[in-house]
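Written out below as structure tokens is the structure these notes cover.
The values are calculated or read from the model by the stated rules, or taken from the named source; none is laboratory data. Here the structure is a predicted model, which is why all the values come from computation and not from measurement. Backbone-built Cβ (ideal geometry, glycine too); neighbour counts: all protein chains shown.
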Amino acid sequence: MIKVLLLILRPIPTWNGIASAKRRWPVVFFGNFLPLLLLASAAEGYGLQHWPRMRGTFPQPMVFSQAQSLVFETTQALLFIGILSLWTKLIMSLGGTFHARHNFDQAFATAAYGLGPLLLLKSLDAIPALSPWLTWAAGIMLAVRVLYYGLPCMMKPDPSHAFGLFLMSTFLMVMITGLGRFFTAWYLMGQFVGLDEWVSKLLAK
């Protein structure tokens, strides 16, 4: 969490420090991304279990059970890890297109730290009064700012191609995370009736 806050408040020196450290991807994943993901999931899961939210075709207040929130948060965490993996591969591909000098560890660190603001704001999804789209939009705006400084520092593209790499990477991040937000937000609102029934049957077994 501290690293994400530093990237938001002091992006240039923080990215320079990350680039100089040259950490391998498992260190970045287990040391930074996964703890932040688990912290955000725990905060949201607490809110689901303690504060009712309106759900269903005819909205009624509902509190998630411990088992329901565990299934939802585990699924959402796996979704975020999938988004991280996909976005890393896309950054690698874009880097080659824009003549960037990079390796997998650099692309992974760029994606993992770039998603940091989204994970940080995800913890606010615990508050029922806040729209999940509002927290996603706020996280995206912060992530774009972080990436603006991070992509040139980590991926080292030719100066003439740096802005193009930033635009394409940002566009893909918005598309991928927005799609993920659509499914999770609709589930929280109780719009996937069939999925709710399947989860209930799964928990009953």
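Structure values in brief
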{"quantity": "Residue within region 29-46 that is within 20 Å of residue 150 (Cα to Cα), among the small types (Gly, Ala, Ser) and either under 18 Å from the mean Cα position of the chain (by Cα) or not in a helix (DSSP H, G or I) (or both) present", "calculated": "yes"}
{"quantity": "Residues within region 15-73 that are among the aromatic types (Phe, Trp, Tyr), farther than 24 Å from residue 88 by Cβ and touching a residue at least 24 places away in the same chain (Cβ under 8 Å), tallied", "calculated": "3"}
{"quantity": "Selection from region 125-138 of residues that are touching a residue at least 24 places away in the same chain (Cβ under 8 Å) and outside any loop (DSSP other than H, G, I, E, B)", "calculated": "125, 126, 132, 133, 136"}
{"quantity": "Selection from region 48-83 of residues that are in contact with a helix residue (DSSP H, G or I) (Cβ under 6 Å, 6 or more places away or on another chain), modelled with pLDDT of 85 or more and of a type in the set (A, V, I, L, M)", "calculated": "48, 77, 79, 83"}
{"quantity": "Given (1) touching a strand residue (DSSP E or B) at 6+ places or on another chain (Cβ under 9 Å); (2) modelled with pLDDT of 90 or more, number of the condition residue 175 does not satisfy", "calculated": "(1)"}
{"quantity": "From the options 128, 152, 157, 117, residue that is within 18 Å of the chain's Cα centre (by Cα) and on the phi < 0 side of the Ramachandran plot", "calculated": "117"}
{"quantity": "Flag if residue 118 is closer than 30 Å to residue 54 by Cα, touching a helix residue (DSSP H, G or I) at 6+ places or on another chain (Cβ under 6 Å) and assigned to a helix (DSSP H, G or I)", "calculated": "yes"}
{"quantity": "Any pair with Cβ under 7 angstrom, 6 or more apart, that starts in region 165-191 at a residue that is closer than 16 Å to residue 139 by Cα and ends at one that is among the hydroxyl-bearing types (Ser, Thr, Tyr)", "calculated": "none"}
